[in-house]
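Only one structure is covered here, and it is reproduced in the block below.
No value in this document is a laboratory result; all are computed from the given coordinates. Please read these numbers as outputs of a predicted model, since none were measured by experiment. Note: ideal-geometry Cβ built from the backbone for every residue, glycine included; neighbour counts use all protein chains shown.
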Amino acid sequence: MARSLLVPTCVWRARPEVVVALDERFGEPVDCYVNGSQVWLRDDGPGEIVLEWRLHPVAGYRRPSGVDTYDVFSAVALALARGQEPVAPLGALWDGLEAFPAYGDEAEPSPLSAAATEALGLAPDGCGLVDHAAIGDAWERSRGAVSIVDALLRQLVPDPPAGDLS
């Protein structure tokens with residue numbers, strides 16, 4: 001059995017300020033997918049390594065009617081920045097944002113967190129090492145019915161031992 005490769009990553013839960021910061025600091029995504037993912041590639045990682053910033057869709061994502069795949073992010077970000085109702089509730093579109101080395105570059109979680117916080121202007125909700133392959137396999141098996149962000153955060157913040165009341 002092959003060993004899984006652990007990937008350093010930072011994760012933010014989807015909140016209006018995260019989407020607005022993405023738009024204000026990074027602009028339009030470099031790629032958008034029909035599954036709802038939005039992607040930016042930027043050289044703002046530790047040591048200027050390229051980070052992939054991926055806005056993950058909610059489980060069972062459905063594109064809002066009347067909005068093209070490539071326009072969903074900009075329409076939602078603009079509405080949120082203006083304090084208006086977006087084309088769909090944020091919680092119906094994206095679960096959260098993940099930032100990780102795009103091309104398998106090595107990075108430690110702490111410097112990654114510092115660089116990502118500086119780039120986005122918001123500290124992540126979790127940072128550490130994750131098994132992308134296991135998460136991707138679970139998502140594929142469920143045909144997109146599981147939350148990638150929940151799976152990431154479960155790996156970053158494991159359950160406390162039984163009997164631990166802290």
Open item on the list: Among the residues of segment 84-114, what is the count of those that are in contact with a Gly (Cβ under 7 Å, 6 or more places away or on another chain) and either small (Gly, Ala, Ser) or without any contact (Cβ under 8 Å) to a residue 40 or more places away in the chain (or both)?
Closed with: 1
Task: Candidate set: segment 117-146, residues that are out of contact with any helix residue (DSSP H, G or I) (no Cβ under 9 Å at 6 or more places or on another chain) and within 21 Å of Pro16 (Cα to Cα); chosen: the one surrounded by the fewest Cβ atoms within 10 Å (Cβ to Cβ) - done: Glu118
Open item on the list: Can you say whether Asp44 is without any contact (Cβ under 8 Å) to a residue 12 or more places away in the chain and in contact with a strand residue (DSSP E or B) (Cβ under 7 Å, 6 or more places away or on another chain), as far as the supplied structure shows?
Closed with: no
Open item on the list: The conditions are (1) within 15 Å of Leu122 (Cα to Cα); (2) surrounded by fewer than 16 Cβ atoms within 10 Å (Cβ to Cβ), and Val18 fails exactly one of them. Which is it?
Closed with: (2)
TODO: Please identify the pairs in which a residue from segment 20-31 that is in contact (Cβ under 8 Å) with a residue 12 or more places away in the chain has its Cβ atom under 7 Å from the Cβ atom of a residue that is of a type in the set (Lys, Arg) and not in a helix (DSSP H, G or I), counting only partners at least 6 apart or on another chain.
DONE: Phe26/Arg42
TODO: Select the helices (runs of 4 or more DSSP H) contained entirely in segment 55-166, then report the ones holding at least 3 residues which are under 25 Å from Val7 (Cα atoms) and within 17 Å of the chain's Cα centre (by Cα).
DONE: 109-120, 132-141, 148-156
